[in-house]
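To keep things clear, I will list the structure first and then write my remarks on it.
The values are calculated or read from the model by the stated rules, or taken from the named source; none is laboratory data. The shown structure was predicted, so the numbers you read here are calculated from the model rather than taken from an experiment. Note that each Cβ is placed from the backbone with ideal geometry, even for glycine, and that neighbours are counted across all protein chains shown. Surface areas here come from the heavy atoms of the whole protein model, side chains and all, with no ligands, DNA or RNA. Shrake-Rupley method; radii C 1.70, N 1.55, O 1.52, S 1.80 Å.
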Amino acid sequence: MRELGFPNTYTFCKAVAEHLVIRACDSEGLDVRIVRPSIVGPAWACPYIGWAGDKPSTIVGAGTLLARRGVRVFRDAFDHPCPVVPVDMVADITVKALGGAFSSEHGRIFQACLDSSEAKQMPSFKFFTAHYYQLLALRGSMSLPELGLMAKLLRWCDNATVFHIMHALINVLPMKLLGIVRICLEWIFGLLGLRLSKQFSTTVKVLESCCTLPMQYHNFSSPCVPWHFQSTLRLPEQWDFH
């Protein structure tokens, strides 16, 4: 996998899936289109600024977990551009891919992401994290002492070894213990002929399943070098994250 240039099994599996889809469509005489987004983020303009759907996903999910204390630390050493693309830009590329006939300009593959020509206009993971914590503090969702503590933890997590230790102790262990508590409570309530709150059980299950997200994000971060694909997607003229 590494020899073929894939950074992780996720990207490798997506490449295999693309080949299988194209082969299946060719055998059935179907005109296939494949849209390749990067990390999909909130909308830039449509239907309104910041729209992210009814349920959080990807980078929005990470922010939600931080705000709700579902996880505490991400590794903050990523100063290179973050491969996020607004969801409305992805939707625009998808509609164009579905509505147009086969063309030599795009072929079957549509890159719904930014290439190296736009990379330096994108903020880094460190920029996202630092400003997000500041926003939580300004909104009153996080106290100043907690903000100071989280800023210190994030600085410590610049070191990969420290991040792995902190991730296990602060992100994973509390949620796993909470999962054990849920199982014990369900057993006790069952003996008493009662049922544990469905909302509580669901919340604990979600938190437990998402506690490993910071480690998963670690694999998606790439060095600050030109990205290895070409895309016609360009940022709006008004784009300014800095």
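A few comments on the model shown:
- Taking 0.36 nm per residue of separation and subtracting the current Cα-Cα distance, fully stretching the chain between Glu146 and Cys25 would add 38.2 nm.
- Point-charge dipole on Cβ atoms (K/R +1, D/E -1) for the chain, about Cα centre, debye to 20: 940 debye
- Spatially, the stretch 28-93 and the stretch 104-153 are offset by 10 Å when compared through their Cα centroids.
- In terms of its C-alpha gyration tensor, the stretch 91-185 comes out prolate, because a/c is 1.5 or above and the ratio a/b outweighs b/c.
- Area accessible to solvent at Lys126, 1.4 Å probe radius, in Å²: 60 Å²
- Sorting 131-141, 23-33 by their mean Cβ neighbour count within 10 Å, with the most densely packed peptide first, gives 131-141, 23-33.
- The label point for Lys55 and the one for Gln230, both projected 7 Å from the Cα toward the Cβ, are 3.9 nm apart.
- Overall shape: prolate for the chain, with the ratio a/c of the largest to smallest alpha carbon gyration tensor axis at 1.5 or above and a/b above b/c.
- Prolate/oblate/rounded label for the stretch 49-88 (Cα gyration tensor, a/c 1.5): oblate
- J(HN,Hα) series, the stretch 85-92, from Karplus relation 6.51 cos²θ - 1.76 cosθ + 1.60, nearest Hz, glycine and proline x: 10, x, 5, 5, 6, 5, 4, 4
- Relative contact order (%) - criterion: Cα under 8 Å, at least six apart; region: the chain: 26 percent
- Note, ³J(HN,Hα) from phi for the stretch 62-71, Karplus 6.51, -1.76, 1.60, rounded to Hz, x at Gly and Pro: 5, x, 5, 5, 5, 5, 8, 6, x, 10
- Positive-end residue of Ala15, Gly193, Pro83, charge dipole of the chain with Cβ unit charges: Gly193
- A Förster radius of 22 Å, combined with the Cβ-Cβ distance separating Ala45 from Tyr10, puts the computed FRET efficiency at roughly 0.15.
- Subtracting the Cα-Cα distance of Leu98 and Thr203 from 0.36 nm times their residue separation leaves 34.0 nm of extension gain.
- In this structure the amide hydrogen of Asp115, modeled in the peptide plane, comes within under 5 Å of the amide hydrogens of Ser231, none closer than 5 places in sequence on its chain.
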